[in-house]
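First comes the structure, then the notes that go with it.
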Amino acid sequence: MKGDAKPIGFIEDTAVVPEKLGTYIKEVETVLNKKQLSCIYYAHIGAGELHLRPILNLKEAKDVALMKEVALDIARIVKKYKGSLSGEHGDGRLRSEFIPLMLGDKLYTIFKEIKQVWDKENLFNPHKIVNFLPMETGLRYMPWQPDITIKTIFDFSESGDILRAAERCNGSGDCRRFPEAGSVMCPSFKATGREDFSTRARANIVREYLTKEKDNLTKGTFHQIWQMYASCLSCKACKSECPSTVDITKIKSELLQISYDKFGIPLKNRLIANIERVNHLGILMPGFYNFFVSNSVTSYFIKKLLGFASQRQLPKLYKISLRKWVKKYYRNFFLSNFPKNSALGDIQFFIDEFTNYYDVKIGIAAIKLLTILGYKINFPFHHFSGRTYLSKGLVRMAKTIANENITLLKDKVNANSPLIGIEPSAILTFRDEYVDLANDKQAANKLAKNVFTIEEFLYNEMKRGHITKAKFSSKQIKILVHTHCYQKALSNPQKTIELLRLPAGTEVAEIKSGCCGMAGSFGFEQKNYDLSMKIGNLNLFPAINQSTQKTVIAAPGTSCRHQIKEGTDRQALHPVEILLKLIKNNNY
Ligand code: SF4
Ligand code: SF4
């Protein structure tokens with residue numbers, strides 16, 4: 001919810017027998033209406049426990065007092081209905097104050113005696129149930145605290161500002177689920193079980209810092225914050241799975257930029273962020289470059305300089321960049337393979353920084369597949385996506401790139417000529433960060449609506465009946481799919497799965513994995529290596545290791561393929577490579 005008023009969970013799991021829930025809720029509404037309070041209602045109605053969260057601004061003293069009045073009024077009504085003040089959760093610090101009212105003095109005295117016998121020193125859960133403090137003790141804010149606004153490069157206006165973006169966390173703890181729960185959020189918590197590696201802790205520490213120190217960031221404070229943020233993989237799972245949509249990836253990038261503005265940019269972060277510039281030079285002599293990154297002596301020093309783990313293999317460049325391949329070879333391929341009589345439409349092709357230098361074969365496969373299917377491909381001039389700058393927190397630089405790309409593409413991309421990209425982390429930047437960085441919001445939003453991952457595009461075309469089974473052979477093939485985190489957060493992994501199910505002979509299963517653990521340069525870094533492999537080992541590596549060698553592993557993300565290779569020694573393919581292999585009369 002935008003602004004400081006939030007749905008507050010202090011009477012949220014009151015419960016009465018289901019038959020009386022209707023009249024009970026009417027009485028609750030009378031109390032709330034008298035005090036002119038709105039309320040969020042949700043869940044568990046069948047069990048007589050409709051969740052209630054009145055909307056209050058606990059930064060204001062009058063609403064803190066109102067909270068207490070409402071809590072007391074509702075406790076009296078619950079007692080009248082012989083219900084429970086805590087039908088699902090514990091009484092905690094908020095409701096202990098009302099236990100004597102609910103249960104009576106006689107029972108409450110027994111509670112106190114039991115506590116005295118078993119916990120004389122008041123060590124376990126102090127101030128809960130007995131020896132309680134008033135419910136308004138220890139709230140996040142004191143009403144006298146000043147209001148704070150911090151200037152940011154990202155647009156946080158959806159929440160209000162960066163502080164309010166962190167305040168979205170209501171402490172529910174959904175980010176503290178273990179792998180068995182099947183959710184994606186939060187990989188660093190899942191692998192370690194550590195609160196300080198959870199989304200909640202990251203939101204809380206930023207809130208504390210911004211509230212207490214405003215924008216007066218010291219090196220010591222940043223170091224404390226960074227101890228929690230360094231283990232965040234920027235996977236965006238919280239953005240889509242947290243019930244309050246806390247977006248730690250965005251907060252982390254902005255925090256890094258704030259720290260760079262104060263203390264400078266560390267050399268290795270600068271180098272990693274600028275890897276596309278290094279590759280731009282490297283591709284002039286790819287053999288030479290590849291020798292340096294793979295030779296044990298030279299690669300040792302490169303890894304040392306970048307802070308990378310010695311166990312990691314540095315990615316090699318392809319013999320030619322994709323941009324150059326397009327210039328040299330695409331025209332001939334188009335002339336001999338484009339089905340002029342069954343052309344399907346126009347597209348704009350986005351060449352990202354990873355496909356241009358490392359995954360050129362995948363880029364070529366995508367271009368061939370689209371051409372054979374009948375799409376006329378345009379290659380508009382644009383910059384790379386800026387993903388490496390974003391993940392290393394050079395947000396100001398990313399903003400410049402975003403604005404220039406929007407200007408370059410806004411008049412070329414539209415519903416009839418969408419922008420298609422291969423690498424999810426790059427193309428989905430248009431849908432996510434660009435919208436929050438753009439000077440021209442309208443153009444950014446319009447562009448975002450017409451930008452697709454190649455699987456999204458082909459899936460949509462399949463649904464329109466433009467691409468059919470008849471185009472593909474029915475060769476029997478088992479495929480195991482691991483989708484990229486950003487597809488999970490910003491797209492729909494099912495589109496990749498359904499698309500791969502189009503050819504008649506494919507048997508496709510999705511790996512119920514979250515982040516692979518690599519997350520760009522995160523898993524390369526020495527300090528993250530163990531955590532990265534631990535995350536890979538949660539679900540992804542075991543699922544692949546249990547599959548037969550004949551099973552094809554599909555992974556649209558470049559980092560995921562690298563992690564799979566190093567974690568399981570299996571070479572994963574991009575879905576377009578699989579589809580190109582299955583297309584009929586494939587002589588390519
Ligand atoms: S970050 Fe989200 S899921 Fe985690 S505690 Fe906060 S609101 Fe709940
Ligand atoms: S971005 Fe991923 S790793 Fe970071 S807090 Fe969110 S879920 Fe956890």
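The values are calculated or read from the model by the stated rules, or taken from the named source; none is laboratory data. Here the structure is a predicted model, which is why all the values come from computation and not from measurement. When we count neighbours, we look across all protein chains shown, and the Cβ atoms used for this are built from the backbone with ideal geometry, even at glycine.
Residue by residue, here is whether (1) within 11 Å of ligand 1 (Cβ to nearest atom); (2) assigned by TED's automatic domain parsing to the domain that holds Gly520; (3) out of contact with any Asp or Glu (no Cβ under 6 Å at 6 or more places or on another chain); (4) assigned to a helix (DSSP H, G or I) holds:
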residue: Asn204; (1), (2), (3), (4): yes, no, yes, yes
residue: Glu208; (1), (2), (3), (4): no, no, yes, yes
residue: Leu217; (1), (2), (3), (4): no, no, yes, no
residue: Gly220; (1), (2), (3), (4): no, no, yes, yes
residue: His223; (1), (2), (3), (4): no, no, yes, yes
residue: Met228; (1), (2), (3), (4): no, no, no, yes
residue: Ser231; (1), (2), (3), (4): no, no, yes, no
residue: Thr245; (1), (2), (3), (4): yes, no, yes, no
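Residues are listed down the side, and each one gets a yes or a no for (1) more than 20 Å from Ala438 (Cα to Cα); (2) more than 11 Å from ligand 2 (Cβ to nearest atom); (3) buried (at least 21 other Cβ atoms within 10 Å of the Cβ); (4) of a type in the set (S, T, N, Q):
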site: Lys151; (1), (2), (3), (4): no, yes, no, no
site: Asp155; (1), (2), (3), (4): no, yes, no, no
site: Ile162; (1), (2), (3), (4): no, yes, yes, no
site: Asn170; (1), (2), (3), (4): yes, yes, no, yes
site: Pro179; (1), (2), (3), (4): yes, yes, no, no
site: Ser183; (1), (2), (3), (4): yes, no, no, yes
site: Pro187; (1), (2), (3), (4): yes, no, yes, no
site: Asp196; (1), (2), (3), (4): yes, yes, no, no
Taking segment 240-282 and keeping only residues that are within 13 Å of ligand 2 (Cβ to nearest atom), in contact with a helix residue (DSSP H, G or I) (Cβ under 6 Å, 6 or more places away or on another chain), closer than 14 Å to Val395 by Cα and among the polar types (S, T, N, Q), one is left with Ser253
Mind checking which residues of segment 397-440 are of a type outside the set (A, V, I, L, M, F, W, C) and either on the phi > 0 side of the Ramachandran plot or within 21 Å of the chain's Cα centre (by Cα) (or both)? Lys399, Gly421, Glu423, Pro424, Ser425, Thr429, Arg431, Asp432, Glu433, Tyr434, Asp436
Would you pick out the residues in segment 442-459 that are surrounded by 15 or more Cβ atoms within 10 Å (Cβ to Cβ), of a type outside the set (Asp, Glu) and in contact with a helix residue (DSSP H, G or I) (Cβ under 8 Å, 6 or more places away or on another chain)? Ala443, Ala444, Leu447, Ala448, Val451, Phe452, Thr453, Ile454, Leu458, Tyr459
Residue among Ile372, Ile364, Ile420 that alone is of a type outside the set (D, E, K, R), surrounded by 22 or more Cβ atoms within 10 Å (Cβ to Cβ), in the same structural domain as Glu455 (by TED's automatic domain parsing) and assigned to a helix (DSSP H, G or I): Ile364
For segment 10-36, which positions are surrounded by fewer than 18 Cβ atoms within 10 Å (Cβ to Cβ) and not in a helix (DSSP H, G or I)? Val17, Lys35, Gln36
For segment 424-436, check the following and say yes or no: at least one residue is of a type outside the set (Asp, Glu), touching a Pro at 6+ places or on another chain (Cβ under 9 Å) and surrounded by fewer than 24 Cβ atoms within 10 Å (Cβ to Cβ). no
Filter pass, Pro134 being free of Cβ contacts under 8 Å to residues at least 12 places away in the same chain and not β-branched (Val, Ile, Thr): no
Candidate set from segment 251-287 (those that are polar (S, T, N, Q) and part of a helix (DSSP H, G or I)); member that is farthest from the chain's Cα centre (by Cα): Asn279
Taking segment 201-218, which residues are in contact (Cβ under 8 Å) with a residue 40 or more places away in the chain and touching a helix residue (DSSP H, G or I) at 6+ places or on another chain (Cβ under 8 Å)? Arg202, Ala203, Val206, Arg207, Leu210, Thr211, Asp215, Leu217
Note on Gly514: of the conditions (1) modelled with pLDDT under 95; (2) surrounded by fewer than 17 Cβ atoms within 10 Å (Cβ to Cβ); (3) touching a helix residue (DSSP H, G or I) at 6+ places or on another chain (Cβ under 7 Å), unmet is (2)
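Residue-by-condition table, conditions (1) in a helix (DSSP H, G or I); (2) not aliphatic (A, V, I, L, M):
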| site | (1), (2) |
| --- | --- |
| Ile544 | yes, no |
| Lys550 | no, yes |
| His562 | yes, yes |
| Ile578 | yes, no |
| Lys581 | yes, yes |
